[in-house]
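Colleague: Input: one structure, supplied below.
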Amino acid sequence: METDVYLATIVWNGVERNIAVLAMGRRPLIGTALLEDYHLSIDFYEGDTVLVDEIL
């Protein structure tokens, strides 16, 4: 399957980073590679908080 890939610049933890974004249907996907050395905590309730903390 072919997929369009776009280059995006984001600010992650105060640093600009260039990342690949996959065009998959109606929503673009950013992979979990950004989460290396980070802790991700999600409460799956509408309007709740998603926290991403650097692992020290």
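Taken together, the values in this text are just the output of simple stated rules run on the coordinates, not laboratory data. Keep in mind that what you see is a predicted model, and the values were worked out from it rather than measured. Note: ideal-geometry Cβ built from the backbone for every residue, glycine included; neighbour counts use all protein chains shown.
Colleague: What number, in percent, do you get for the relative contact order of the chain if the mean sequence gap of Cα pairs under 8 Å and at least 6 apart is divided by its residue count?
Modeller: The normalised contact order for the chain reaches 22 percent.
Colleague: Taking amide hydrogens as modeled 1.01 Å from N in the peptide plane, which residues meet the under 5 Å criterion relative to Tyr38, leaving out close sequence neighbours?
Modeller: Ile55
Colleague: Taking the Cβ-Cβ separation of Glu54 and Glu2 as r and a Förster radius of 25 Å, what is the calculated FRET efficiency to the nearest 0.05?
Modeller: Computed FRET efficiency for Glu54 and Glu2 comes out at 0.10.
Colleague: What is the Å³ per residue value for the convex hull set by the Cα atoms of the range 4-54?
Modeller: Output value, Cα hull per residue: 103 Å³.
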